[in-house]
Amino acid sequence: MTIINGAHVIIYSADPQRDRAFFRDVLSLGHVDVGGGWLIFALPASELAMHPTSGSGSHELYLMCEDVNAFIGQMQARGIECSPVESLGWGMRTQIRLPGGGQLGVYEPRHARPEAKTAAPARAKRTTAKPKASRGQAKRKAGKKQAGKKQAGKKQAGKKKGKATHRRRS
């Protein structure tokens, strides 16, 4: 069993609204609005690598694509400038400047890729609605409902014959 079921990446931005619009409208990433226009984006399968450093280090984010030149063509069609492609052995990389001023690397990998693991869908916490019944609860409820219908049918049959089918306890 895998303990980790996903990753949450944070990009700090001087203009988060414009960067959110870029990821939503230009890169077409699926998203949810968690309130007040705060978007959280879905990411495709990801990788994590550790690189050596002499200090405490920093973190970087690169998006991957199948064809870096096709990606550049799509960006140029939208008026977005990309840096020249660099052949780095492990991949072909370009960079784009986000509307908020940050740079984002995008590369076509040439290295071996791990098999993507899919996590079970996260369950959203419900604060106002009743939680859904489990399958077992739903089956029991359906069984009780069916039994209630049978009992109601017996009551109706007894009334037609003029018989009482149940008595109230006093």
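The values are calculated or read from the model by the stated rules, or taken from the named source; none is laboratory data. Keep in mind the model is a prediction, meaning the values are calculated, not measured. All Cβ positions, glycine included, derive from the backbone under ideal geometry; neighbour counts span all protein chains shown.
Remarks
- Residue match in the stretch 12-19 (condition: touching a strand residue (DSSP E or B) at 6+ places or on another chain (Cβ under 8 Å) and acidic (Asp, Glu)): no
- The condition of being touching a His at 6+ places or on another chain (Cβ under 6 Å), of a type outside the set (Phe, Trp, Tyr), in contact (Cβ under 8 Å) with a residue 12 or more places away in the chain and under 26 Å from residue 77 (Cβ atoms) holds for only one of 39, 63, 27, 43, that being 39.
- Residues of the stretch 20-45 satisfying the condition of being assigned to a helix (DSSP H, G or I), charged (D, E, K, R) and either in contact with a strand residue (DSSP E or B) (Cβ under 9 Å, 6 or more places away or on another chain) or not assigned by TED's automatic domain parsing to the domain that holds residue 102 (or both): 20, 24
- Every condition in (1) over 20 Å from the mean Cα position of the chain (by Cα); (2) surrounded by 14 or more Cβ atoms within 10 Å (Cβ to Cβ) is met by residue 23 except one, and the failing one is (1).
- Listed conditions (1) in a loop (DSSP other than H, G, I, E, B); (2) surrounded by 12 or more Cβ atoms within 10 Å (Cβ to Cβ); (3) in contact (Cβ under 8 Å) with a residue 24 or more places away in the chain are all met by residue 48, apart from (2).
- Of all residues making up the stretch 70-86, the number that are more than 17 Å from residue 110 (Cβ to Cβ), surrounded by 13 or more Cβ atoms within 10 Å (Cβ to Cβ) and of a type outside the set (S, T, N, Q): 3
- From the list 37, 101, the one residue that fits, being surrounded by 10 or more Cβ atoms within 10 Å (Cβ to Cβ), touching an Asp or Glu at 6+ places or on another chain (Cβ under 8 Å) and at positive phi, is 101.
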